[in-house]
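In what follows, a structure is listed as structure tokens, so that the remarks can point back to it.
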Ligand SMILES: Cc1cc2nc3c(=O)[nH]c(=O)nc-3n(C[C@H](O)[C@H](O)[C@H](O)COP(=O)(O)OP(=O)(O)OC[C@H]3O[C@@H](n4cnc5c(N)ncnc54)[C@H](O)[C@@H]3O)c2cc1C
Ligand SMILES: Cc1cc2nc3c(=O)[nH]c(=O)nc-3n(C[C@H](O)[C@H](O)[C@H](O)COP(=O)(O)O)c2cc1C
Ligand code: FES
């Protein structure tokens, strides 16, 4: 049997394949470990962490919408210290790379968390400048070029780990924001986080989510996400991790062809808990059948019309 | 992915909008017990991207049963599946009811679509006095009671409109009949559950209650199904749906 090379290198970290579980949809890997062999995934981006534990928002935190869903979890998490003591030992048993999704209220928070994570075995930091469900920090940095620049710069100054910046789609030009992240020294970017949305219960005339608004994810956002990866790929030179509504290998390939070096799989894991591993299997088959020796050949291989 | 396939062996309308399915899947049947649920894919296109949680009503050999009420888009689609079709079902999930041989007298309280897990419990748990309290909106919605009779010592029935049994809420009937139960099993609308839970706590009677919350993953990873408990935030799909009554409905009662 022919051997195909699915491995990708992002900012010095080698992932055995480009399939990574998306932050907030896969917990810390434990639950999905009952369905997939975590060793088979390229990596996992863990639930967004904050300096101190957070309870998150009041329920309802989820509403289904056509081909998608809104969530307003609000960064419920055990805090970075408990992650370090309780979850890193679990994740270190596996081959997959661990990306830590870091969410802060302030630049100091991002810096302090980075300092704590420096001393651990995690592989990469994904700076969350895009969570729409919290009052302070995160997306309020992510929507301005200056905010992205300042946080990225501050984190890069202290980080011993490669740093990627997770971008929000809730901006006029995601390409200019990505460029600022690169300018400030980011090692890569990941996109897209959720798109802010609202669902209203007509009977009660109230939003379905207790938090009123939430983040839209799932197949509904995929075309927007693919377009954004395409725009960002043209604007920057650092690697891109693409995501938004991936349900199968073909969806993942859209992102890779548009310019993503790797992909993250989020919401659709809920429908199919075997999905991440399935995409890896399908990718290997696909490469064999199409005589693609190295997945890198496909990254950014888009041929525009006209 | 054969693991996820359950074959529909039998389909039956229990009321005008409640459908009972007998499903075949050895693994799910083997692991089910009262209070657990399954997460059902209702439509094969990606228009609906979330599964729907439905309680297990019974399980034996390689079969298990569920009953679902047609409520909205998902259950409407689910109603189209027929005998012989394969359903994509994940489960069983969650933590269900627990029982002890030391109990002498227990009660089961179910309201509306909440009766399914307690009917399962009443059939499964034996060796003590069992009182069952079932609340329905109206006579036409009464279901599963005939076959339940042989499993319980007393069956108390209420309808909100008084068309059969005790006229009014099952909570009121329960308060009238409540005695020194060793354990009370509860599932129903949140208002009903809260009232019963607070009454039981006041009377120092033990209980287990099955909560309902909107779900995403159903396995404890996405954190959308949060509920406040006396031990902090817990997740209905993984830590529940069944909780000790000491731990829930704790707001404004300190
Ligand atoms: C642990 C558990 C066990 C359940 N057991 C049963 C059962 O045995 N029989 C039964 O008929 N129903 C049961 N339900 C309720 C059932 O899940 C909902 O009625 C169903 O999801 C409604 O889906 P829909 O698409 O038809 O309605 P819609 O209103 O169109 O649903 C839209 C979205 O809201 C969610 N949703 C709507 N209502 C509820 C609700 N009450 N609880 C949770 N999510 C909701 C749906 O999952 C979906 O994501 C159970 C719920 C839970 C949490
Ligand atoms: C329930 C839920 C929780 C999420 N939590 C986080 C989070 O903590 N940090 C983060 O950067 N992104 C979070 N996301 C966004 C996803 O990582 C991803 O960017 C987005 O959902 C788009 O991908 P998808 O359509 O495949 O889900 C969350 C998404 C969902 C659905
Ligand atoms: S539904 Fe995902 S954690 Fe409960």
- Please indicate, with yes or no, whether at least one residue in the range A:98-105 is at the interface with chain B (Cβ under 10 Å from one of its Cβ atoms), within 13 Å of ligand 2 (Cβ to nearest atom), closer than 20 Å to residue A:265 by Cβ and within 19 Å of the chain's Cα centre (by Cα). no
- Message: Return the residues of the range B:236-248 that are more than 16 Å from ligand 1 (Cβ to nearest atom) and in a loop (DSSP other than H, G, I, E, B); say none if nothing qualifies.
- Response: B:245, B:246, B:247
- Message: Among (1) under 30 Å from residue A:270 (Cα atoms); (2) more than 15 Å from ligand 1 (Cβ to nearest atom); (3) in contact with a strand residue (DSSP E or B) (Cβ under 6 Å, 6 or more places away or on another chain), there is one condition residue B:106 misses while meeting the rest; what is its number?
- Response: (1)
- Considering the range B:226-254, residues that are over 21 Å from the mean Cα position of the chain (by Cα) and within 27 Å of residue A:34 (Cβ to Cβ), and then whichever is farthest from ligand 2 (Cβ to nearest atom), we arrive at B:231
- Note on the structure: Of the residues in the range A:47-67, those that are touching a strand residue (DSSP E or B) at 6+ places or on another chain (Cβ under 8 Å) and more than 16 Å from ligand 3 (Cβ to nearest atom) number 4
- Is it true that residue B:197 is more than 16 Å from ligand 2 (Cβ to nearest atom), surrounded by 18 or more Cβ atoms within 10 Å (Cβ to Cβ) and either within 7 Å of chain A (Cβ to nearest Cβ) or part of a strand (DSSP E or B) (or both)? no
- Message: Among the residues in the range A:77-89, are any at the interface with another protein chain (Cβ under 10 Å from one of its Cβ atoms) and buried (at least 24 other Cβ atoms within 10 Å of the Cβ)?
- Response: yes
- Does the range A:114-138 hold any residues that are buried (at least 24 other Cβ atoms within 10 Å of the Cβ) and under 21 Å from residue A:57 (Cβ atoms), and which are they? A:128, A:129, A:130, A:131, A:132, A:133, A:138
- Query: How many residues does the range A:208-219 contain that are surrounded by fewer than 19 Cβ atoms within 10 Å (Cβ to Cβ) and farther than 25 Å from residue A:265 by Cβ?
  - Reply: 2
- Query: Considering only residues of the range B:200-225 that are surrounded by fewer than 23 Cβ atoms within 10 Å (Cβ to Cβ) and within 16 Å of ligand 2 (Cβ to nearest atom), which is farthest from the chain's Cα centre (by Cα)?
  - Reply: B:220
- Per the filter on the range B:1-33, residues assigned to a loop (DSSP other than H, G, I, E, B), under 25 Å from residue B:97 (Cβ atoms) and in contact with a strand residue (DSSP E or B) (Cβ under 8 Å, 6 or more places away or on another chain) are B:14, B:25, B:32, B:33
- Evaluate the following for residue B:197: is it under 15 Å from the mean Cα position of the chain (by Cα) and more than 16 Å from ligand 1 (Cβ to nearest atom)? no
- Query: Just a yes or no: is a residue in the range A:77-95 within 16 Å of ligand 3 (Cβ to nearest atom), touching a strand residue (DSSP E or B) at 6+ places or on another chain (Cβ under 7 Å) and in a strand (DSSP E or B)?
  - Reply: yes
- Answer yes or no as to whether residue B:188 is touching a strand residue (DSSP E or B) at 6+ places or on another chain (Cβ under 6 Å), within 16 Å of ligand 2 (Cβ to nearest atom) and either within 14 Å of another protein chain (Cβ to nearest Cβ) or under 18 Å from residue B:116 (Cα atoms) (or both). no
- Query: With respect to residue B:184, is the statement that it is under 21 Å from residue B:14 (Cβ atoms) and outside any helix (DSSP H, G or I) true?
  - Reply: no
- Go through B:47, B:76 for me and flag whichever is farther than 23 Å from residue B:13 by Cα, within 14 Å of chain A (Cβ to nearest Cβ) and surrounded by fewer than 18 Cβ atoms within 10 Å (Cβ to Cβ). B:47
- Task: Just give me the residues in the range A:10-33 being without any contact (Cβ under 8 Å) to a residue 60 or more places away in the chain and farther than 14 Å from residue A:98 by Cβ, in sequence order.
- Result: A:31
- Message: I'd like to check something: does the range A:149-168 contain any residue that is over 19 Å from the mean Cα position of the chain (by Cα), over 22 Å from residue A:112 (Cβ atoms), more than 14 Å from chain B (Cβ to nearest Cβ) and within 16 Å of ligand 2 (Cβ to nearest atom)?
- Response: no
- Task: Quick one: count up the residues across the range B:204-235 that are part of a loop (DSSP other than H, G, I, E, B) and facing chain A (nearest Cβ under 9 Å).
- Result: 13
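Just so you know, all these numbers are worked out from the coordinates, no wet-lab data involved. It should be emphasised that the depicted structure is a prediction, and the values quoted were computed from it without experimental measurement. All Cβ positions, even for glycine, are placed from backbone atoms using ideal geometry, and neighbour counts span all protein chains on display.
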